[in-house]
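Participant: Sharing a structure here in structure tokens format.
The values are calculated or read from the model by the stated rules, or taken from the named source; none is laboratory data. Note that the coordinates shown come from a computational prediction; the quantities given were computed from them, not determined experimentally. Cβ atoms come from the backbone with ideal geometry, glycine included; neighbour counts cover every protein chain shown.
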Amino acid sequence: MHTPSAPMAGYTKSEIYQYLIRDARAILDEEPNRVARMATVVSLCAQAFPDWFWTGFYCVDEVKKTQGVDELVVGPYTGTLGCLRIAFGRGVCGTAAATKTTQIVPDVHAFPGHIACDSRSNSEIVVPVFDGSGELIAVFDVDSEQYDSFDETDRDGLESLIEVVFAS
């Protein structure tokens, strides 16, 4: 197994994602707890990509869902304080949850309705998280201080990682 804390300098983003997928499989093999799985993904990603200043999950609030309210609540993350709750359809995370599609935002200031949890955020990627039955359980959110930090390689890598960890 690749040591997660080892510097990833010299590797392409695609190679880093392959290491993350391999490491997540090895570490999380037979771990059923969803929070443990989320916390591990956050840790692995934050160590692999130190320029990401906020990395974490917003989980579907199951209690609110039973009341007919679609809302996300902050889950495991690393970084500055995150927003505690986000309605489906609001901001980048809420849009990813409502549309069930990955959102790549090169400039968050140009995104209609962007929620500024931290003013340092300039670009963002948010990936919907589905369980094995295809039910939306969360979104995985990453923020960067740099503009245009995320691309199709990040989309493919994160979608693959999330699928391996939560849908398999």
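Participant: I want to confirm something. Restricting to segment 65-79 and keeping residues that are within 20 Å of Trp54 (Cβ to Cβ) and out of contact with any Asp or Glu (no Cβ under 6 Å at 6 or more places or on another chain), which single residue is surrounded by the most Cβ atoms within 10 Å (Cβ to Cβ)?
Facilitator: Initial filter on segment 65-79 (within 20 Å of Trp54 (Cβ to Cβ)): 71-79.
Still in the list and also out of contact with any Asp or Glu (no Cβ under 6 Å at 6 or more places or on another chain): 72, 74-79.
Values: Leu72: 27, Val74: 18, Gly75: 22, Pro76: 19, Tyr77: 20, Thr78: 16, Gly79: 19.
The extreme case among them is Leu72.
Participant: Listed residues Phe140, Phe150; which is closer than 14 Å to Tyr58 by Cα and either more than 12 Å from the chain's Cα centre (by Cα) or modelled with pLDDT of 95 or more (or both)? So that I can check it myself, show each step before the final result.
Facilitator: Numbers: Phe150 fails: closer than 14 Å to Tyr58 by Cα.
Of Phe140, Phe150, the one residue that is closer than 14 Å to Tyr58 by Cα and either more than 12 Å from the chain's Cα centre (by Cα) or modelled with pLDDT of 95 or more (or both) is Phe140.
Participant: Let me ask another. Tell me, which helices (runs of 4 or more DSSP H) wholly within segment 19-128 include 1 or more residues that are touching a residue at least 24 places away in the same chain (Cβ under 8 Å) and within 18 Å of Leu161 (Cβ to Cβ)? Step through it out loud before you land on a result.
Facilitator: Numbers: elements: 34-48, 62-66, 91-99.
Of the helices (runs of 4 or more DSSP H) lying wholly inside segment 19-128, those with at least 1 residues that are touching a residue at least 24 places away in the same chain (Cβ under 8 Å) and within 18 Å of Leu161 (Cβ to Cβ) span 34-48, 91-99.
Participant: Further question: Of the residues Asp118, Asp107, which is under 24 Å from Ser43 (Cβ atoms) and of a type in the set (Asp, Glu)? Spell out the reasoning first.
Facilitator: Values: Asp107 fails: under 24 Å from Ser43 (Cβ atoms).
Matching residue, one of Asp118, Asp107: Asp118.
Participant: Quick one: which residue in Phe140, Phe111 is among the hydrophobic types (A, V, I, L, M, F, W, C) and farther than 22 Å from Ala39 by Cβ? It would help to see each step written out before you state the result.
Facilitator: Numbers: Phe140 fails: farther than 22 Å from Ala39 by Cβ.
Unique residue meeting the criteria: Phe111.
Participant: Then there's this: With the requirement that a residue be under 20 Å from Ala24 (Cα atoms) and either of a type in the set (A, V, I, L, M, F, W, C) or touching a Pro at 6+ places or on another chain (Cβ under 9 Å) (or both), what does segment 137-158 give you? I'd like the intermediate steps shown before the answer.
Facilitator: Here is the first cut: in segment 137-158, the ones under 20 Å from Ala24 (Cα atoms) are 137-142, 153-158.
Hits for segment 137-158 are Ile137, Ala138, Val139, Phe140, Val142, Leu158.
Participant: Every residue in segment 92-113 that is at pLDDT below 95 and surrounded by 18 or more Cβ atoms within 10 Å (Cβ to Cβ), please.
Facilitator: Across segment 92-113, the qualifying residue is only Val108.
Participant: Is it fair to say Gly10 is touching an Asp or Glu at 6+ places or on another chain (Cβ under 9 Å), in a loop (DSSP other than H, G, I, E, B), closer than 27 Å to Asn122 by Cα and not β-branched (Val, Ile, Thr)?
Facilitator: On the way: touching an Asp or Glu at 6+ places or on another chain (Cβ under 9 Å): no; in a loop (DSSP other than H, G, I, E, B): yes; closer than 27 Å to Asn122 by Cα: yes; not β-branched (Val, Ile, Thr): yes.
It is false that Gly10 is touching an Asp or Glu at 6+ places or on another chain (Cβ under 9 Å), in a loop (DSSP other than H, G, I, E, B), closer than 27 Å to Asn122 by Cα and not β-branched (Val, Ile, Thr).
Participant: Only one residue in Tyr77, Tyr19, Tyr58 is at pLDDT 95 or above and touching a His at 6+ places or on another chain (Cβ under 8 Å). Which one? If you could, list the steps in order and put the result at the bottom.
Facilitator: Details: Tyr77 fails: touching a His at 6+ places or on another chain (Cβ under 8 Å); Tyr58 fails: touching a His at 6+ places or on another chain (Cβ under 8 Å).
On inspection, the qualifying residue turns out to be Tyr19.
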